[in-house]
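Each reported figure results from applying straightforward, stated rules to the coordinates on display, with no laboratory input. Everything numeric here is computed off the predicted structure, so don't read it as measured data. No Cβ is skipped: glycine too gets one built from the backbone with ideal geometry, and neighbour counts run over all protein chains shown.
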Amino acid sequence: MKFFDWLETLIKYLAGICLFAVFALVTAQVASRFIFNFSLAAASELSIYAMIWSVFLGAAVAFRHNNHIAMDILLTQLPGRARTVADFVIFLGLAAFLCLVVVEGHDLAMRAMRQSSPAARIPVGYITMAMPVGSIIALAFLCEQQIQKFAKGSKS
């Protein structure tokens, strides 16, 4: 689906920007310590925050391509119809878990908005918002997969 292809590309670019920020911030931190003999207090903190965002964004893309670790030894042993049912039950479990992470992550992020990070002085809610945002995107990709499986099943 074109929308999901576009979304995946956008997410990959954002995750890449976050990873580049980690590299740039850590390099600046090391250079400032060893060359100029002072520490950029916010650099290490911001690099951690950028890494958090890249992990949650990257995890969402991994959902789209089924690249997460899976223990499917039992699933692969099931006959066709039972495998389809088990696959749907797994989808429901994953969707419920992601919905829980979205709701609780959003609640946590809203509460964390009142707290500022020590060095960068930005609201911690912007960092914790990576959890529900990444989970919403993962849920969208998971639903896309399920729709594609259903469409394939109805054609055969």
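The stretch 1-48 and the stretch 75-146 have their alpha-carbon centroids 23 Å apart. With 0.36 nm allotted per residue and the present C-alpha distance subtracted, the S44-V85 stretch has 10.1 nm of extension available.
Here the 3J(HN,Hα) profile of the stretch 4-14, calculated from phi with Karplus coefficients 6.51, -1.76 and 1.60 at θ = phi - 60°, is 5, 5, 4, 4, 4, 4, 4, 5, 4, 5, 5 Hz, Gly and Pro shown as x.
Once divided by 2.2 N^0.38 Å, the Cα radius of gyration of the stretch 50-109 becomes 1.40.
Between the amide H of I122 and those of S117, distances stay under 5 Å, these residues lying 5 or more places away or on another chain, with hydrogens modeled in the peptide plane. Between the Cα long axis of helix 130-155 and the first principal axis of the chain there is an angle of about 20°, rounded to the nearest 10.
Counting only DSSP H runs of at least 4 residues, each contributing -39500 (n - 2.57), and dividing by the residue count of the chain, the helix-based mean residue ellipticity at 222 nm comes to -27500 deg cm²/dmol. Within the listed set S32, S117, S54, the residue fluctuating most in the Gaussian network model of the chain (springs between alpha-carbon atoms under 10 angstrom) is S32.
Loop-resident chymotrypsin sites (Phe, Trp or Tyr not before Pro) (DSSP state other than H, G, I, E or B) in the stretch 1-87 with no more than 13 further Cβ atoms inside 10 Å of their Cβ: F36, F38. Once each of the trypsin sites (Lys or Arg not before Pro) sitting in a DSSP loop with at most 12 other beta-carbon atoms within 10 Å is removed, the chain keeps 1-113 as its longest stretch.
The coefficient of translational diffusion for the chain, derived via Stokes-Einstein from the alpha carbon Kirkwood radius under 4 °C and 1.567 mPa s, stands at 72 µm²/s.
Taking the stretch 1-15 and a reference point 7 angstrom along Cα→Cβ of N67, the backbone N atoms nearer than 18 Å belong to 1, 4-15.
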